1. Set the Förster distance to 30 Å, then compute FRET efficiency between Q199 and K179 from the Cβ-Cβ distance, nearest 0.05.
2. Grab the Cα-Cα distance for K251 and S234, subtract it from 0.36 nm times how many residues apart they are, and report the gain in nm with one decimal.
3. What do you reckon, how do W187, W181 stack up by accessible area (1.4 Å probe), largest on top?
4. Going down the list K130/K179; K167/K227; K76/K267, which pairs span over 27 Å between their C-alpha atoms?
5. Just need the Rg to Rh number for the stretch 116-243, please, alpha carbons only, Kirkwood Rh.
6. At 0.36 nm per residue, minus the direct Cα-Cα distance, what do S135 and D190 gain on full extension? Give it in nm, one decimal, please.
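The values are calculated or read from the model by the stated rules, or taken from the named source; none is laboratory data. Small disclaimer: the values here were computed from a predicted structure and weren't measured. Backbone-built Cβ (ideal geometry, glycine too); neighbour counts: all protein chains shown. Remember, those area values only see protein heavy atoms, side chains included, never the ligands or the DNA or RNA. Shrake-Rupley method; radii C 1.70, N 1.55, O 1.52, S 1.80 Å.
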Amino acid sequence: SSGINAEYGDHVNGTMFLRRITMDEGSLRRSLRVKRNLSEKGSPSQQGLLKKANSCSTIFIDDNTVSQPNLRATLKCVSLAIYYHIKKRDQDTEFVDILDEKRHPLSKQPVPADYAKIEPTHNYIYRFIKNLFISAQLTAECAIISLIYIERLLTCADICLQPSNWKRIVLGAILLASKVWDDQAVWNVDYCQIMKDLQVEDVNELERQFLELIQFNINVQQAAYAKYYFDLRSAAEQHGLQLPVDTLDIKRAKKLEACSQNEEYDKLADMAETGPAKAMSLENLSKRRPSLAVIS
């Protein structure tokens, strides 16, 4: 039953990382400052923070959607969530040997004596995750699933992300997420090619114990995934991270028009099979009429 509760807790009780970010006073002040800068137009120093808006000649579209998240933006947001988990961590938590970097180093470089006290920066965490995702050719959706697994681990095993274990926890979560989510999973031995000093036996044991710690609860409901996606966007807004937007060019406009036509045709086909409502005219079912649009 605890596994079921952990799964529902992914979205019913809210995401842990967003609560930690909201608790941080500096993040709240930064959010208020960004919003204030967006409302005060005209200053040259604030133009970089101004929000892009649509006009008659230019249309901006969000290149980061729940079904197709932008990889760079998602990795930035996930690394921000991990950063605040470490920064606002609880002090009294359980110790898990397999997750400790001193006992199971990821490289041959000597681990500093005060490794458990050196907190990584947001940018350092981002570079670490980005290296894994680019090298293994993982998707942005996999990053969101990884964060869900990380928070399940923190809940089920009663541990916290800290400087001594965050790398191995992130690696274990990515191992599972890539196998559960991606069609072409990355083998454990492939991570040993990315991180040259890793031993495949260590990676296998990390994956096995990670699964045990989350009670083999690897299912992710759609509602949980969507909740994490939108909470990551909220975290980015609070922290002042700019999400990518692209201009709507002719090629993309034609693609969107084609998608909308296909959707319209599918609806007409469904109506033809089930029969129209009594108050509906049969005119629209006689032939397909492409929607007209002027693209300049």
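1. Numbers: r = 19 Å, r/R0 = 0.64.
The value I calculate is 0.95.
2. Numbers: separation 17, 0.36 × 17 = 6.12 nm, distance 3.03 nm.
Going from the current span to full extension adds 3.1 nm.
3. On the way: W187 185, W181 110 Å².
These residues rank, largest area first, as W187, W181.
4. Values: K130/K179 18 Å; K167/K227 24 Å; K76/K267 38 Å.
Going by Cα-Cα distance, K76/K267 fall outside the 27 Å limit.
5. Ratio of gyration radius to Kirkwood radius for the stretch 116-243: 0.94.
6. On the way: separation 55, 0.36 × 55 = 19.80 nm, distance 0.95 nm.
Here the segment from S135 to D190 would lengthen by 18.9 nm.
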